[in-house]
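The values are calculated or read from the model by the stated rules, or taken from the named source; none is laboratory data. Since we're looking at a predicted model, the values are computed, not measured. With ideal geometry, Cβ positions are generated from the backbone for all residues, glycine too; neighbour counts draw on all protein chains shown.
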Amino acid sequence: MRWAWAGAVFLLSALLRIWAGSNLELLADEAYYWTWSQDLAAGYFDHPPGVAWSIAASTAVLGQSAWAVRLPGILLHSLALAALVAHMGPRRPLLLLLLTPGVLLVPILATPDAGYLSLGLLALIAHERGYSLGAGALAGVALLFKLPALALLPACLLTRREDWRDWAAPALALAISAPMWIWNAQNDWVTLGFQAEHGLGGGGGPLDGLGFIAGQLLWLGPIAGVAAFIWLLKPKQRSVWWWAALLPALVFAAASFRSHAELNWGLPVWTFALGGLAAAQGRMQRAVEIGSILGGFLCLGALVHLCVTPLWTLENDPRHRFMEGPILGQSVQAWGVEPVLTSRYQEAALIRFYGGISASTVPETGRQDQFDLWREPSLPDHTLFVRPARRSTQLATDALPYERGQTGAVHLMDGERRVWSWQVQELHRVTP
């Protein structure tokens, strides 16, 4: 019976996400990871290489489309959820938790989180079933997607240290992820440096930290989220699921008071909490079930709003983020000028994917990114500069040897309402 439930979970979650992923254009960060897949390496500026490798494999077979970019993460996460149901049985709290936003919606997007969380779930299942080396191998592959997977290693050791295999598992994980560590050593440890700066670089404060912690309730819904907080603080058993959720919770909660935290930092906490919340009983079980049902309605509303028809009028509608790529890419392509310079990696990635033309960020402008590692040694003679529309007439290219030519704008419209604009400036290199 549990295998039938597991098969149903895999099929339904995969089909629903593929449908959603094929009805939404790529977000800027997804297009950014796609650009990595066009130049395969053992590491990248922001993250390890797993997301790029998986996208490259999928698009090589299925062609360049939004759903092909997203397919590896969707299938892998659906497989991990099915394995969890097969491992724990079709418990009602677990099945209902699969409907919550952090479980159902997030893996639709092609990000490192999908691979990291999927392989992390599989590693914890393997550990709980006594396969320590299998858990270590899966944790090593998870490390190839995202560095916080390191927390899986102490979580496993803290719950079992009885056999040489338990101690060998972390070494196996590090050996499997060795290509990423070697690449970083050869490139001034850029990935580790970026992650440290991103998470601990400062600029945040108490309000940022409290806002981050409160925002975590969105992933499971307010009621189930509160139940998960209680489970973290007062576990009935310090299982591998509890350690795997607690360690990143402590790290990211502390980091959120130092920097401007992103909500997705908390995803491993609630994903790995599934193993503990699935066994909830009494009032905790009722809270998890009721909260998960409410979270399921939230997911349904979000999917209808994003993929079928708008349900609400929102000032900052998330639908608009999914509409940016085709408008910007095709409009910039129509200028017939290549390559293109941009002020941010987001525009460069969208122009590459949807415009099919070369685009990169302006040297030494804004935050560093992968385009800085790919920087061409010489500037183009004729180019376009693209940036989000601003009132300032100063451009990031003013320090470069260019004179301005024609100017224009690209507008993202929602009906008759303009929701976002980009400035396009043609540039000609000045010969000394």
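Checked against (1) closer than 25 Å to Val430 by Cα; (2) among the basic types (Lys, Arg); (3) touching a residue at least 60 places away in the same chain (Cβ under 8 Å), Arg352 passes all but a single condition, namely (1).
Could you run through segment 1-48 and say how many residues are within 13 Å of the chain's Cα centre (by Cα), under 21 Å from Pro148 (Cα atoms) and not aromatic (Phe, Trp, Tyr)?
Selection size over segment 1-48: 5.
The residues of segment 20-73 that are of a type in the set (D, E, K, R) and more than 29 Å from Leu300 (Cβ to Cβ), listed by number, are Asp39, Asp46. Only helices (runs of 4 or more DSSP H) whose full extent lies in segment 202-290 are considered here, and the ones with at least 2 residues that are modelled with pLDDT of 85 or more and either in the same structural domain as Arg160 (by TED's automatic domain parsing) or under 19 Å from Leu105 (Cβ atoms) (or both) are 217-220, 222-233, 240-256, 267-272, 274-277.
Inspect all residues belonging to segment 237-257 and state whether any of them is closer than 30 Å to Asp414 by Cα and crowded, with 19+ Cβ neighbours inside 10 Å.
Pass one, segment 237-257, residues closer than 30 Å to Asp414 by Cα: none.
Checking segment 237-257: not a single residue is closer than 30 Å to Asp414 by Cα and crowded, with 19+ Cβ neighbours inside 10 Å.
Sub-7 Å Cβ pairs linking a first residue in segment 211-236 that is among the hydroxyl-bearing types (Ser, Thr, Tyr) to a second residue that is surrounded by 16 or more Cβ atoms within 10 Å (Cβ to Cβ) and modelled with pLDDT under 90, at least 6 apart or interchain, number zero. Those helices (runs of 4 or more DSSP H) of segment 36-107 in which at least 1 residues are among the charged types (D, E, K, R) and out of contact with any Gly (no Cβ under 9 Å at 6 or more places or on another chain), considering only elements entirely within it, cover 92-97.
Of everything in segment 414-432 that is at pLDDT 90 or above and aliphatic (A, V, I, L, M), the residue that is nearest to Leu311 (Cα to Cα) is Val419.
Every listed requirement among (1) buried (at least 22 other Cβ atoms within 10 Å of the Cβ); (2) free of Cβ contacts under 8 Å to residues at least 24 places away in the same chain is met by Ala60 save one, (1). Of all residues in segment 389-403, those that are polar (S, T, N, Q) have Cβ atoms under 8 Å from Cβ atoms of residues that are surrounded by 11 or more Cβ atoms within 10 Å (Cβ to Cβ) and not in a loop (DSSP other than H, G, I, E, B), 6 or more apart or on another chain, in Thr397/Leu341; Thr397/Phe385; Thr397/Gln425; Thr397/Leu427. Of the listed requirements (1) at pLDDT 95 or above; (2) under 18 Å from Gly408 (Cβ atoms), Gln346 misses just one: (2). Scanning segment 249-307 for residues that are under 14 Å from Phe229 (Cα atoms) and under 18 Å from the mean Cα position of the chain (by Cα) turns up Ala249, Gly266, Leu267, Pro268, Val269, Trp270, Thr271, Phe272. Considering segment 389-432 alone, what residues qualify as being touching a Ser or Thr at 6+ places or on another chain (Cβ under 7 Å) and of a type in the set (Gly, Ala, Ser)? The answer is Ala389, Ala396, Ala409. How do the helices (runs of 4 or more DSSP H) wholly within segment 123-190 filter down when requiring 3 or more residues that are surrounded by fewer than 18 Cβ atoms within 10 Å (Cβ to Cβ) and more than 24 Å from the chain's Cα centre (by Cα): which remain? Helices (runs of 4 or more DSSP H) meeting the threshold: 164-176. Got at least one residue in segment 73-91 being touching an Asp or Glu at 6+ places or on another chain (Cβ under 8 Å), of a type in the set (S, T, N, Q) and either modelled with pLDDT of 95 or more or not assigned by TED's automatic domain parsing to the domain that holds Asp163 (or both)? No, there is no match, as no residue in segment 73-91 is touching an Asp or Glu at 6+ places or on another chain (Cβ under 8 Å), of a type in the set (S, T, N, Q) and either modelled with pLDDT of 95 or more or not assigned by TED's automatic domain parsing to the domain that holds Asp163 (or both).
Are any of the residues in segment 339-355 out of contact with any strand residue (DSSP E or B) (no Cβ under 6 Å at 6 or more places or on another chain) and surrounded by fewer than 14 Cβ atoms within 10 Å (Cβ to Cβ)? Checked segment 339-355: no residue is out of contact with any strand residue (DSSP E or B) (no Cβ under 6 Å at 6 or more places or on another chain) and surrounded by fewer than 14 Cβ atoms within 10 Å (Cβ to Cβ).
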